[in-house]
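The values are calculated or read from the model by the stated rules, or taken from the named source; none is laboratory data. Computed from a prediction, not measured in an experiment: that's the story for all the values here. Please note: Cβ atoms are built from the backbone with ideal geometry, for glycine as well, and neighbour counts cover all protein chains shown. Calculation scope for accessible area: heavy atoms of the full protein, side chains included, ligands and nucleic acids excluded. Shrake-Rupley method; radii C 1.70, N 1.55, O 1.52, S 1.80 Å.
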Amino acid sequence: MRIDVVTIFPDYLAALDLSLVGKARRTGLLDLRVHDLRDWTTDRHRTVDDTPFGGGAGMVMRPDIWGRALDDVLGGPPAQSRLVVPTPSGEVFTQRHAEALAGEEHLVFACGRYEGIDARVAEHYRAAGVPVSELSIGDYVLNGGEVAALVMIEAVARLVPGMVGNPESLVEESHGAAGLLEYPVYTKPPEWAGLEVPEVLLSGHHGRVERWRRDEAITRTSARRPDMIEALDPATLDKHDLRLLAELGWAVADGRLARTPA
Ligand code: JB8
């Protein structure tokens, strides 16, 4: 897979030299290049921004500079390229987006700063037939798109075949197909700070371990992410799941889970 990042702060992306993403780059599994947007400026001061039409606070990134940069970076060797624009106004990035992006040949991240990038940039590339994803990593505001791009690149890169040593660790995790948060995990020592590892995990009884883990996952999801319980397909739940959910204040009505009145 090929990934390009265009930014006025290339140093922000230095973390991509590390860990699994860095290893994938060194082994050639991932061709990741970071570009300085200012390389496409033409003035002495390497200006990338200007004042907003219509007034308002802050500065907006100029479309002409972005256009030259993106024409160059999108127009490289790979046939099909997707433009990804981190923005707090985008769709919320989820594991489903990561999975879809991991199937692309070429991603180009356009990292904005200030009040963002002139809206005509996304409009222009869409009109030219380039698929454009405007994505937010959550409901909070960063100073620019670089950290959001880092988050998305890590989430995508670890799904590229061959990147994670054990592919089993890709299927059994939170926000996978199960639709539940992960169960709590423990390791040695069996007693620490006066706290014991739950006895069932030391029992060697695989069936009881699996049931306990599923109960913990359901209990946690109910407490922390009731939206995920509401999104479950009741047909995927067994009798034990439904009994536990009833104890936690959930019932099936009209084919979906809803809170029972307290
Ligand atoms: C200027 O919060 B964010 C984000 C914030 C930004 C820009 C891009 C993304 C550009 N501010 O995800």
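Placing +1 on the Cβ of every Lys and Arg and -1 on the Cβ of every Asp and Glu, with nothing else charged, gives segment 1-42 a dipole about its Cα centre of roughly 200 debye. Computed from phi, the 3J(HN,Hα) profile of segment 208-218 under the Karplus parametrisation 6.51, -1.76, 1.60 (θ = phi - 60°) reads 5, 4, 4, 5, 4, 5, 5, 4, 5, 4, 5 Hz, with x in place of Gly and Pro.
Using only side-chain charges placed at the Cβ, +1 for Lys and Arg and -1 for Asp and Glu, the dipole size of the chain relative to its Cα centre rounds to 220 debye. Contact order, relative form, for segment 7-117: 26 percent (alpha carbon pairs under 8 Å, 6 or more residues apart, mean separation divided by residue count). Here the peptides 183-196, 94-107, 202-215 are ranked by packing, the mean other Cβ count within 10 Å, and the order with the highest first is 94-107, 202-215, 183-196. A simple rule links phi to the HN-Hα coupling: the Karplus curve 6.51 cos²θ - 1.76 cosθ + 1.60 with θ = phi - 60°, which for segment 242-255 gives 5, 5, 4, 4, 4, 4, 8, x, 10, 9, 8, 9, 6, x Hz, with x for Gly and Pro. Its residues counted as N, segment 107-248 yields a C-alpha radius of gyration over 2.2 N^0.38 Å of 1.46. Phi angles of segment 3-19 translate, via the Karplus equation with coefficients 6.51, -1.76, 1.60 and θ = phi - 60°, into HN-Hα couplings of 10, 10, 10, 10, 7, 8, 10, x, 5, 4, 8, 4, 4, 6, 7, 9, 6 Hz per residue; Gly and Pro are given as x. Between Ser136 and Thr87, Gly90, Glu91, Val92, Phe93, the built amide H atoms are under 5 Å apart, and every one of these is 5 or more places off in sequence or on another chain. Amide H contacts for Val84 (H built 1.01 Å from N in the peptide plane; partners 5 or more residues away or on another chain; cut-off under 5 Å): Val108, Phe109, Ala110, Ser133. Proximity of backbone amide H atoms, modeled 1.01 Å from N, is registered between Leu32 and Ile3 at under 5 Å, excluding neighbours fewer than 5 places apart on the same chain. Of the solvent-accessible surface of the chain, computed with a 1.4 Å probe over protein heavy atoms with every protein chain present, carbon and sulfur atoms account for 54 percent. Annotation for segment 1-63: trypsin sites (Lys or Arg not before Pro) lying in DSSP loop with at most 10 further Cβ atoms inside 10 Å of their Cβ are Arg44.
Shown are Phe93, Phe109, whose ranking by accessible area with a 1.4 Å probe and every protein chain present, most to least, is Phe93, Phe109. Here is the size of segment 186-262 from its Cα atoms: Rg then Dmax, 15.1, 47 Å.
For the chain, relative contact order (Cα pairs under 8 Å, six or more residues apart, normalised by length) works out to 16 percent. The alpha carbon radius of gyration of the chain, expressed as a multiple of 2.2 N^0.38 Å, is 1.27.
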